[in-house]
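Asker: Sharing a structure here in structure tokens format.
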Amino acid sequence: MEIEVGDLRPRAIAFTREDLVVTLVDGRKIATPLAWYARLLNASPEQRDNYEIMPMGIHWPDIDEDLGIAGMLEGRRP
């Protein structure tokens, strides 16, 4: 059975000390451990702040990192 996940478009991104938090356009928030993403974990604050919101994910051009919202919801580590 397939589960309806709704609108997966990201609206905003934030970093806590330990997590990457993505807010979707429908208001849901997805938090995943920053330790899952070595490039983001080791990136400078400036590199983390330079991101592009894509229709179904996020791209950080300075560190060549792409994360898909569907993978985050599934708990899929890159």
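Asker: Out of curiosity, is ASP26 modelled with pLDDT of 95 or more, of a type in the set (D, E, K, R) and more than 15 Å from GLY71 (Cα to Cα)?
Answerer: When the stated conditions are applied, ASP26 does not pass them.
Asker: Does GLU46 count as acidic (Asp, Glu), at pLDDT 95 or above and surrounded by 16 or more Cβ atoms within 10 Å (Cβ to Cβ)?
Answerer: no
Asker: If you don't mind, another one. Among the residues of segment 22-51, which ones are basic (Lys, Arg) and in contact (Cβ under 8 Å) with a residue 12 or more places away in the chain?
Answerer: Selection gives ARG28, ARG39, ARG48.
Asker: Moving to a separate point now. TRP60 fails exactly one of the following numbered conditions: (1) surrounded by 15 or more Cβ atoms within 10 Å (Cβ to Cβ); (2) touching a Gly at 6+ places or on another chain (Cβ under 7 Å). What is the number of that condition?
Answerer: Condition (2) is where TRP60 drops out.
Asker: If MET56 satisfies every condition in (1) touching a helix residue (DSSP H, G or I) at 6+ places or on another chain (Cβ under 6 Å); (2) at pLDDT 90 or above but one, which is the exception?
Answerer: With (1) touching a helix residue (DSSP H, G or I) at 6+ places or on another chain (Cβ under 6 Å); (2) at pLDDT 90 or above applied to MET56, the lone miss is (2).
Asker: How do the helices (runs of 4 or more DSSP H) wholly within the chain filter down when requiring 1 or more residues that are within 10 Å of the chain's Cα centre (by Cα) and hydroxyl-bearing (Ser, Thr, Tyr): which remain?
Answerer: Passing ranges: none, list empty.
The values are calculated or read from the model by the stated rules, or taken from the named source; none is laboratory data. What you are looking at is a predicted structure, and each value in this text was computed from that prediction instead of being measured. Backbone-built Cβ (ideal geometry, glycine too); neighbour counts: all protein chains shown.
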